[in-house]
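The values are calculated or read from the model by the stated rules, or taken from the named source; none is laboratory data. As the structure is a computational prediction, the values presented were derived from the model and not from experiment. Backbone-built Cβ (ideal geometry, glycine too); neighbour counts: all protein chains shown. Quick note on the areas: whole protein, heavy atoms, side chains included, nothing else; ligands and nucleic acids left out. Shrake-Rupley method; radii C 1.70, N 1.55, O 1.52, S 1.80 Å.
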There are 2 protein chains.
Amino acid sequence: MNKLQDLQLLIEDAVNQLSFPAQPSELYEPITYIMALGGKRMRPALLLMACDMFGGDVKKALPPALAIEVFHNFTLVHDDIMDNAPLRRGKATVHEKWNPNTGILSGDVMLVEAYKLIMQVDDSILRRVLEIFSNTAVGVCEGQQFDMNFEQQSEVEIDAYINMIRLKTAVLLGGALNIGALIGGASDEDASLLYTFGEQLGIAFQLQDDILDVYGDPEKFGKQVGGDIISNKKTFLLIKALELADADEKQALNQWINAVDFNAAEKVTAVTSVYNTLNIRQKAEEAMQNYAAIGFEALDKLSISEDKKQYLRSFADGLMVREK
Amino acid sequence: MNKLQDLQLLIEDAVNQLSFPAQPSELYEPITYIMALGGKRMRPALLLMACDMFGGDVKKALPPALAIEVFHNFTLVHDDIMDNAPLRRGKATVHEKWNPNTGILSGDVMLVEAYKLIMQVDDSILRRVLEIFSNTAVGVCEGQQFDMNFEQQSEVEIDAYINMIRLKTAVLLGGALNIGALIGGASDEDASLLYTFGEQLGIAFQLQDDILDVYGDPEKFGKQVGGDIISNKKTFLLIKALELADADEKQALNQWINAVDFNAAEKVTAVTSVYNTLNIRQKAEEAMQNYAAIGFEALDKLSISEDKKQYLRSFADGLMVREK
C-alpha cells in the first residue's frame, strides 16, 4: 500500500501537468486557475486508495482520479455562480475574476474534460465506469437543485435533508471509491461495498460540518462559528430543532430566523441556547455516528486483508475527528 | 434506405418518449420543455441517415441520435443565458421561464444525459464514439467562446471567423454523421469522409445564413432581414466588407457601426449598399460554394452506391437552396 502522502503527491503532480489548448484562453485559463486553487484532493485520493487496496497500479488510475477532481471543480465553478459566491478558498471565484459567462462555459468544458479523463480505463470496465460516473454526476446536480429548493422552503424534513447531502456531497465520494476499486480489479460486490462506505461516511462528514459550524473551536475550524445560524441555513441542527421545539421554542427560533436587523453574536447565542435545551448536538452526533457505522460495516465486509481495511478506517477516522 | 420523413418520425417519437425523474422537478421540467420546442431535428436525422447508408439498424442508432439532439439543446440553453436571449423558437428561453440558475443546472444535467445516451452503442465502437463526441463537445464550446470574443473585438480575420463557425455549428453536423456511420458499420475512412462532408457543408450553411440575413426574402426567411446589420454582428459579409473597403467605405461602415441613435431601415439600406458596391454577396456565395464543394468531394469518395450518395446530396441541396 502506498502512503496517503505519496498518493497526494502523485495527484498534485498530475494536476500540475494537466494542460489545455492555449486558445481560446478565456475558456481554458479559468480551468487551470480553479484547479490550482488546491483543496485536500480527497476525492482523487480516495479513488487511488481504492485502486491500491485491490493491488491495482495507482499510476494507471491517475487519469480517472483527475476526472473526479476536474468534475468536482466543475461543480464548484457552477455552484459559485448559482450561489453568487465571491470567494473560493480565499481567492476570487471564476465568475468574479472573469465573468458569469466564462464561468458557465469553462465549467461546461470541464465536464467534458472529466469524461475524457474518466474513459482512460481498460475496455473491460469502460462501460461500468462511465455508468457510475454519469449516475454520480446526475446525483450531484440533483443534490444542488434540492439544496437551492430548500432555501426557498419554510419547512424541510430531515429525510429530505439527508437525501440532499447524500446527493450533493456523498455520492461523489462513493463514486470515486467505486471506480477506484474497479480499476484495481475488485469484484463488483467489493466495489459496491466501497461505494456504500464512501456514501455513508460522506453523509457523516456533512453532519459533522453542520455540528462544527455551531460547536467547533473557531481556531481549528477555520470558519466563522455560527455562520449557518446567521444565514438561516437549513442544516440538520436547525431542521431537527424546529421539529422538536415546543410552541415557545419554535416561536423563539422563528423570531430569529425572520429578524432583519439583529446582532449576529446575539443571534448565535440565542439559537445555540435553544439547540442546547433540545439536545440537538447530541442528536446530530448520534445521526452522524449512525451513518458512519453503516459505512464502517460495509468496510468490514470487504474481501481484503484487515490491515488494508484499517488503512481506510484510519483515513476516515482522521476526517471524522479533525475537530471536536 | 429509409425516407427522411420516416427517420424524422422515429426521432420525434423517441424525443417524446424521453423521460426523466419527477424530482427535483425544477431540474427536469426545463429539459422536457426545451426538447419539446421542436426544431428541424437535423442533427439526429443526419446520424440516422449515416447509419442507414451503411446498412445499420436505425432503431439501434436512436439513443445516440437523441444524444446529439440533447447535447444540441444543452448548448442552446447555456448559450441563451450567455446571450441574454429572451426567446427561442418563439417561446420563452429556459432562463426566462425559470431563472438563470435553473438554466445552468438543467443544462449541466442535459450534458450528462447526452453522455448516457451516446454510450448506448456496441462495445466495439464505444471508445471511438466517446472520443468523437467529446471532441465535438469541446469544439462547440470553443466556438461559442470565440463567438463571444469576437463581439468584443474591433477586427476579426476571415479565417478566424470561418474557424469559429466551423467549431460552433459545423463540427456537430460532422460528428453526428461520423458516429452514425460507425454505428452503421462503416470503415474508419468512410466515417471520416462523412465527417468532412458534414463539417464543410455546415460551414456552407452558416455562410448561407449570413447571406440570407441581408439578401433573403423576408417572407421565406422568417427572420427580420438585416438583423445582423442592425446588431453589428461580425458575419462573413461585414468582415469581408471591412477588409475590402477603401478609406471612404470603411468610414461609412464604421459610422453606422458606431451610431447609437439611428433609423434601422436606413442603416440596413446604407450598409447593404456598401456591400453591393464591394460585391460582397458574390464573394460570400463563392466562399459558400467552395466549402460545399469540398464537402461534396468527400461524399463522392465514399465507398457506397451512387444512389445512396445521391440521397445525401439531395438532402444537403435541399438545405442549401431553401431560399434564394
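Residues that are under 23 Å from A:G90 (Cα atoms): which helices (runs of 4 or more DSSP H) entirely in the range A:191-248 hold 2 or more of them?
Fully inside the range A:191-248 and qualifying: A:218-221, A:227-230.
Please enumerate the residues belonging to the range B:26-53 that are in contact with a helix residue (DSSP H, G or I) (Cβ under 9 Å, 6 or more places away or on another chain), open to solvent by 20 Å² or more (accessible area, probe 1.4 Å) and assigned to a helix (DSSP H, G or I).
B:E26, B:E29, B:Y33, B:A36, B:M42, B:R43
Whether any residue in the range B:65-81 is facing chain A (nearest Cβ under 8 Å), over 18 Å from B:R41 (Cα atoms) and in a helix (DSSP H, G or I) is what I want to check.
yes
I need the full set of residues from the range A:82-105 which are facing chain B (nearest Cβ under 10 Å) and farther than 26 Å from B:I132 by Cβ, in order please.
A:M82, A:D83, A:N84, A:N99, A:P100, A:N101, A:T102, A:G103
Being farther than 26 Å from B:V138 by Cα, out of contact with any Cys (no Cβ under 7 Å at 6 or more places or on another chain), surrounded by fewer than 23 Cβ atoms within 10 Å (Cβ to Cβ) and basic (K, R): is that true of B:K59 here?
In short, yes.
Restricting attention to the range A:251-288, report how many residues are of a type in the set (F, W, Y) and within 28 Å of the chain's Cα centre (by Cα).
1
State all residues of the range B:106-141 that are within 16 Å of A:Y28 (Cβ to Cβ), more than 7 Å from chain A (Cβ to nearest Cβ) and not hydrophobic (A, V, I, L, M, F, W, C); if no residue qualifies, say none.
If the condition is that a residue be within 16 Å of A:Y28 (Cβ to Cβ), more than 7 Å from chain A (Cβ to nearest Cβ) and not hydrophobic (A, V, I, L, M, F, W, C), then B:N135, B:G139 are the ones that fit.
Taking the options B:Q200, B:Q144, B:Q153, name whichever one is within 10 Å of chain A (Cβ to nearest Cβ), over 14 Å from B:A67 (Cβ atoms) and not β-branched (V, I, T).
Criteria check complete, one pass: B:Q144.
May I ask you to list the residues in the range B:137-167 that are polar (S, T, N, Q) and touching a Pro at 6+ places or on another chain (Cβ under 7 Å)?
Scanning the range B:137-167 gives B:Q145, B:N149.
Taking the range B:62-82 as the region of interest, how many residues are within 26 Å of B:D122 (Cα to Cα) and either open to solvent by 10 Å² or more (accessible area, probe 1.4 Å) or out of contact with any Pro (no Cβ under 7 Å at 6 or more places or on another chain) (or both)?
Residues that pass the stated criteria total 10.
Can we say A:G184 is farther than 22 Å from A:M164 by Cβ, of a type outside the set (A, V, I, L, M, F, W, C) and touching a residue at least 24 places away in the same chain (Cβ under 8 Å)?
Values: farther than 22 Å from A:M164 by Cβ: yes; of a type outside the set (A, V, I, L, M, F, W, C): yes; touching a residue at least 24 places away in the same chain (Cβ under 8 Å): yes.
Taking the combined requirement at face value, the residue satisfies it.
Open to solvent by 40 Å² or more (accessible area, probe 1.4 Å), free of Cβ contacts under 8 Å to residues at least 60 places away in the same chain and in a helix (DSSP H, G or I): is that true of B:I257 in this structure?
yes
In this structure, is B:K267 open to solvent by 60 Å² or more (accessible area, probe 1.4 Å) and not in a loop (DSSP other than H, G, I, E, B)? Break it down into steps so the answer makes sense when it comes.
On the way: open to solvent by 60 Å² or more (accessible area, probe 1.4 Å): no; not in a loop (DSSP other than H, G, I, E, B): yes.
Here the answer is no, as B:K267 does not meet what is asked.
If A:D159 meets every condition in (1) over 13 Å from B:P24 (Cβ atoms); (2) within 20 Å of the chain's Cα centre (by Cα); (3) touching a residue at least 12 places away in the same chain (Cβ under 8 Å); (4) more than 10 Å from chain B (Cβ to nearest Cβ) apart from one, which number is that one?
Answer for A:D159: the failing condition is (3).
Based on what the data block shows, is B:P30 within 13 Å of chain A (Cβ to nearest Cβ) and either within 21 Å of B:Q120 (Cβ to Cβ) or modelled with pLDDT of 95 or more (or both)?
Yes, satisfied.
Output the residues belonging to the range B:265-282 that are of a type in the set (G, A, S) and either modelled with pLDDT of 95 or more or in contact with a strand residue (DSSP E or B) (Cβ under 8 Å, 6 or more places away or on another chain) (or both). Step through it out loud before you land on a result.
Initially, the range B:265-282 is screened for residues of a type in the set (G, A, S), giving B:265, B:270, B:273.
Of everything in the range B:265-282, those that are of a type in the set (G, A, S) and either modelled with pLDDT of 95 or more or in contact with a strand residue (DSSP E or B) (Cβ under 8 Å, 6 or more places away or on another chain) (or both) turn out to be B:A270, B:S273.
What residue, of A:G39, A:G56, is more than 14 Å from chain B (Cβ to nearest Cβ), in contact (Cβ under 8 Å) with a residue 60 or more places away in the chain and among the small types (G, A, S)?
None of the other options fit; the residue is A:G56.
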